[in-house]
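**Student:** First, the structure itself, so that you have it in front of you.
The values are calculated or read from the model by the stated rules, or taken from the named source; none is laboratory data. No experiment lies behind these values; they were computed from the predicted model shown. Virtual Cβ from ideal backbone geometry, glycine too; neighbours counted across all protein chains shown.
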Amino acid sequence: MPHPASKLKLTRELFQVPITALDFYTARSGNVYVLAGEDARLRVYLASETGRLAVCEVDVFVDQPIHGIRVQQDGACARVFAWGASSVAIFDAEGIEGEEPTVRLLADGTAPDWIYDAAVSPWDPSRAVLATAHNEVVPMTYGSAPGGIEFGAATSPSRPMLYAAHLRWISPSSALVAGGTVFGDVVVWRYQYAALPGDAASHTVLSVLSGHEGSIYGVDMTPEITLADGSTARLLASCSDDRTIRIWDVTERETSPGSPAQLNDAVVETGFKSTPSYDDMPPGQRPAARHPVAVAMGHASRIWGVKFGVVEHVTALQDDLLSVYSFGEDSTAQRWHLQLRAAETGASPAGRLTHGQTFSLHNGKHLWAGAVLCRNGRLMIATGGGDSRISLIEEPVAVRQSPQTAPESGLAEPHGVVITVDVHDILEPLPAHRTSSGSGEIINRYDFLGEDQILAVTSLGRLFLGSLGGVLTWEEAKAVEAADDLKFTYVIRKVGPSAAVLGTTAGRIFFFQVPNRLSHVTNVSGRIAEISCLSTVGQDSKTVHVLVQLHGNSDSQCLVLDSFTGAVLSHDRVTGLDSRFVAVSAARMDDLLLMGSRRGWLSLLTKQDGVWRPILDLATRSRDAITAIVPLPSKLSPTACSPHFLATGRDGKYRIYKIERAEHSVCLNLLHETAPPFGPMIEGAWFTSDAAPQLVLYGFRSKDFVIWNETLREEVATIDCGGAHRTFRLSFSASDPGRCRFAFTRTSKLSIYSQAQPAYTPLKPGTHGREIRALSSNGRYIASGAEDTSIRIWEYCQEQGQGRGHMRYLASIKAHVTGIQRLQWFEDEYLFSSAGNEECFVWRIRRLDAAYRGLAVVCEGVLADKSPLGDLRIMDFDICRPNSGHGMLVTLAFSNSAFKTYRYSPSGGFEPHAQGSYTGACLTQARHLGIRGDDLWVVTASTDGHMALWKTEQEQSGMRRYALAQTARMHQSSIKSLDLMRLSRTYRVMTGGDDNSLGFAVISEDDDGIGYTFSTRSIVRRAHAAAINGVVLAGRDDEDGIIGVSVSNDQRVKVWKMASGDEQRVELVGSALSGVADPGDVALICQGSTRRVVLGGLGAEVWSWDTEK
């Protein structure tokens, strides 16, 4: 008689899935909360606390994701509508700020059709309307009784299939409806409640808006707004997979053309149709009230949503300027500026829609959700993506679309915008005797002397000091005697608080000290091309160390200056470099001088007999300029010198090296190399002054200058400067990376951007932006690989209290050009990865011995042995140590039924060891069983449902080949996943198939111990309702049974128990619904005696289990 296994209780400790719905709620205290739909769960976040856990959360539906959230606030009443498919739930939001924060369910129910929008009446909170997928409005009422929702009869003027809808109440008894159809039209109509009980509701079609060339995915309507001329208008925005945004006037006017009957006839219920091009039609022939107010094209692919940035209850527009936000498949949010122009009486306003800014705050694809809140003259925009991240953007209600000219002297300096300054702007407020009539005078060079000061020199040699602290003012420095020299100034470089060094093309060097002291300090022989302030950790504050680089000469000059007077204390030559070495960056580390060249060379120099000479020249992996050299903060003390430094390059990568010294030699060891996502031109970096320093990088991406926090993986600032290859200077705060100033030259004018805090922050961190296909854990770290071709390294941290945890991001790797297929840790420091195009990389991953806690990741090996076309996919691989203990044996399974074993070592790379070939079926899995004698045994699985045992045999050529030892049929179709666990002299094997079945087998050693054979097999039919993509064996339980976990496309996590005494008995002991769609893999997390599994697909989850009492 079978004995039932004790049941296990599954607990979801981590929940990272795509964000499918967002809205804002403003509490009575003034706190702003963001409500997010994450699968079937509603989560509430406090907008002012970024990176924190949710304030409260509640499961809304069973087996149904949330598709939309809408908050209705009116006085003391705050209602939250959440819907998904045809399910709807209503919550009371007032309890969010209670002692135990919560959202209380008021009522739930099932509508007669799929829901696209819902709106509570602002006049009666017990009354609401729903917009459905067939252009119907379903009225509903709800009360306090269980269930509580009563649905009325559906009303519709026509039933085209919709992809989007928006509702807006316009009176206590009527609502405006906008439906975006599959076939590119927007149907705008009015729903009218029945006047008397028992009567039917009525409808009136107001307009059918045609013009899009694809399906409509988003619509939004404004309240009635007042334009500058006093007229009113109601606008509608629509977006489509034709990548356009169109603004329409849907104001109800007495002169609106067309009878309701005519408009009803225009509604298209099936099929696309040709649409007129309004731009090509004479104005007199355009259909009145049906042509767009403005049209713009944006995004790289489909646009999923569009929102107006308009204040709900303050409807008078400032300067007829309105912000519009769009959310796209390309994972960006974009701001658009709608400039309206008044039209003739009774006619629609004209307008122009121009692009303002692109916010690239998410990874991968899809911004599924977006929300806009207008409050206190500011706009707050929330974006939610397929990467499970929620980002917040905050900016003024009406953001200007072009750089502003310099404000008048004495007025407050604006933040978050670019101001432009030319010589006329500087001279205008100055006394008349200080002005000049010199024509063609422009601002030539500049640098920030501190957070609130900037020093600039003009092409005529005039020196100006600008004050940026609160008000923008300028003062001309007393430099009349040096004007003839200063007009040849080629570089200004800040060297300390309120001090700068100026170098000219004539070789003259000047020292400027605030408030107004300029002195000539020395001359050098040659044209000065650059001046670097050498960062010497713990240097005496009374001195300044600078390196002067000369044009057309590899030699440089190293100066030590008095930090108060600029007097030269020492002047040493830098010589002995290759004549092709063009220095562009430098730093001091103890007694070493480090220099980076324009062609990617690093040189280490020491001072010998008063002259700096190279002791090591290194050709780095970059052949582009090394733009900055930054010592890493030491973990010993802030004043100690670390042996590590970071080098940034214009190849889009940054690298971390360790200086290793021997008695008579020095060498550089590359520890880390990666490319952040904002590149391709990284211009510099700094570390914050926190106890746990963060790495901040900056550089150019397309036409933008980007400041990027590599530690937090988020953009700190993005400034449209026109692109790279221009003069620029950056001032930043080591204690507050969000506070910065950026100066650059555009059209011969000085432009200055000031930022007191980032305009956007991550409310909730995310994961990959595409499907996770591979997972691996070594007990300490988790590696995940996705279709976005990136690999991420995480550390799982359990929060206080049972059942809550989070993944702390540590590093990102992007080297593959196709989606990741397989990942596997080997021992503590090695991670192997494979993908398409026969890509196999070996990564060395270590902790840095520095205060900076980032991981050091470097690619140590690359598989170079490829087929003639090099287009095969490496489906799976396994790694083990040979008997000698030297190197590693790596077996790769290819998509052409071949598999190969290589001997890998850091010095020798991949060396062929053995190869084999299966039948015509594709191999999907490969695992090492062990080495018996001189033979390596391997088990493979394939698309024909079979497992096979192989062993190596020696050939006369010296190359080993795999011989097939035994096969066993496990599944009716492809084996998609496999895991095995060694127990004494046997291996327990668990497989998942495309036939929805689980397979279990035992592989045993031969009696003589020189081989393996299949001893038992069993199958669990219909173990899942869909293909099983991942399985993992989690070890033994308290009853000596073997626990296995499976994940499937049916979005269920199941736990199975195999009895150790009876290999044929398998029992399901736990099952739970997962929020991760399309799961790709599952891995075991071992932390002490605790066992957890992490699964990945469209999102990631961590599950643990306990025996139910």
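**Student:** Considering segment 981-992 alone, what residues qualify as being in contact with a Lys or Arg (Cβ under 6 Å, 6 or more places away or on another chain) and either acidic (Asp, Glu) or crowded, with 20+ Cβ neighbours inside 10 Å (or both)?
**Tutor:** Selection gives GLY992 alone.
**Student:** Over 30 Å from ASP878 (Cβ atoms) and at pLDDT below 90: which single residue out of TYR760, TYR753 fits that description?
**Tutor:** TYR760
**Student:** Scan segment 344-358 and tell me whether some residue there is touching a Ser or Thr at 6+ places or on another chain (Cβ under 6 Å), of a type outside the set (Phe, Trp, Tyr), closer than 22 Å to SER207 by Cβ and at pLDDT below 80.
**Tutor:** Among the residues of segment 344-358, at least one is touching a Ser or Thr at 6+ places or on another chain (Cβ under 6 Å), of a type outside the set (Phe, Trp, Tyr), closer than 22 Å to SER207 by Cβ and at pLDDT below 80, which makes the answer yes.
Matching residues to (1) in contact with a helix residue (DSSP H, G or I) (Cβ under 8 Å, 6 or more places away or on another chain); (2) of a type outside the set (S, T, N, Q); (3) surrounded by fewer than 24 Cβ atoms within 10 Å (Cβ to Cβ):
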{"site": "GLN339", "(1), (2), (3)": "no, no, yes"}
{"site": "ALA350", "(1), (2), (3)": "no, yes, yes"}
{"site": "THR354", "(1), (2), (3)": "no, no, yes"}
{"site": "PHE359", "(1), (2), (3)": "no, yes, yes"}
{"site": "LYS365", "(1), (2), (3)": "no, yes, yes"}
{"site": "MET380", "(1), (2), (3)": "no, yes, yes"}
{"site": "ASP387", "(1), (2), (3)": "no, yes, no"}
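**Student:** Is it true that ILE879 is part of a strand (DSSP E or B) and in contact with a strand residue (DSSP E or B) (Cβ under 7 Å, 6 or more places away or on another chain)?
**Tutor:** Yes.
**Student:** Among the candidates TYR918, TYR902, which residue alone is farther than 29 Å from GLU829 by Cβ and not small (Gly, Ala, Ser)?
**Tutor:** Just a single option satisfies the conditions, and that option is TYR918.
**Student:** Which ranges mark the strands (runs of 3 or more DSSP E) fully within segment 560-611 that have 1 or more residues being exposed (fewer than 14 other Cβ atoms within 10 Å of the Cβ)?
**Tutor:** Strands (runs of 3 or more DSSP E) meeting the threshold: 568-574, 601-608.
**Student:** Going by what's in this entry, would ASP651 be described as in contact (Cβ under 8 Å) with a residue 24 or more places away in the chain and over 23 Å from the mean Cα position of the chain (by Cα)?
**Tutor:** no
**Student:** Hey, could you check segment 793-826 for residues that are of a type in the set (Val, Ile, Thr) and touching a Phe, Trp or Tyr at 6+ places or on another chain (Cβ under 9 Å) and say which is modelled with the lowest pLDDT?
**Tutor:** Looking at residues that are of a type in the set (Val, Ile, Thr) and touching a Phe, Trp or Tyr at 6+ places or on another chain (Cβ under 9 Å), I get ILE813.
**Student:** Something else: Looking only at residues in segment 92-112 that are buried (at least 16 other Cβ atoms within 10 Å of the Cβ) and part of a loop (DSSP other than H, G, I, E, B), which one is farthest from the chain's Cα centre (by Cα)?
**Tutor:** Filtering segment 92-112 for residues that are buried (at least 16 other Cβ atoms within 10 Å of the Cβ) and part of a loop (DSSP other than H, G, I, E, B), the one farthest from the chain's Cα centre (by Cα) comes out as ALA111.
**Student:** A further question follows. Name the one entry in SER570, SER637, SER603, SER597 that is of a type outside the set (A, V, I, L, M), under 20 Å from LEU671 (Cβ atoms) and outside the structural domain of ASP690 (by TED's automatic domain parsing).
**Tutor:** SER603
**Student:** To continue, here is another question. Could you say which residue among ALA165, ALA119, ALA128 is part of a strand (DSSP E or B), within 23 Å of ARG246 (Cα to Cα) and not hydroxyl-bearing (Ser, Thr, Tyr)?
**Tutor:** ALA165
**Student:** Another question, if that's okay. Would you confirm whether or not segment 813-820 contains a residue that is in contact with a Cys (Cβ under 8 Å, 6 or more places away or on another chain) and more than 28 Å from LEU872 (Cα to Cα)?
**Tutor:** no
**Student:** Shifting gears a bit: Can you tell which of TYR904, TYR852, TYR918 is hydroxyl-bearing (Ser, Thr, Tyr) and under 33 Å from the mean Cα position of the chain (by Cα)?
**Tutor:** So the residue among TYR904, TYR852, TYR918 that is hydroxyl-bearing (Ser, Thr, Tyr) and under 33 Å from the mean Cα position of the chain (by Cα) is TYR852.
**Student:** Would you be able to tell me the number of residues in segment 913-930 that are in a strand (DSSP E or B) and under 15 Å from ALA965 (Cβ atoms)?
**Tutor:** Within segment 913-930, residues that are in a strand (DSSP E or B) and under 15 Å from ALA965 (Cβ atoms) number 8.
**Student:** Here's a check for you: in segment 1-60, which residue that is of a type in the set (Lys, Arg) and assigned to a strand (DSSP E or B) is nearest to ARG1052 (Cα to Cα)?
**Tutor:** Result: ARG12.
**Student:** Please go through (1) free of Cβ contacts under 8 Å to residues at least 60 places away in the same chain; (2) closer than 30 Å to PRO631 by Cα for LEU848 and return the number of the only condition it doesn't satisfy.
**Tutor:** Evaluating LEU848 over (1) free of Cβ contacts under 8 Å to residues at least 60 places away in the same chain; (2) closer than 30 Å to PRO631 by Cα leaves (1) as the failure.
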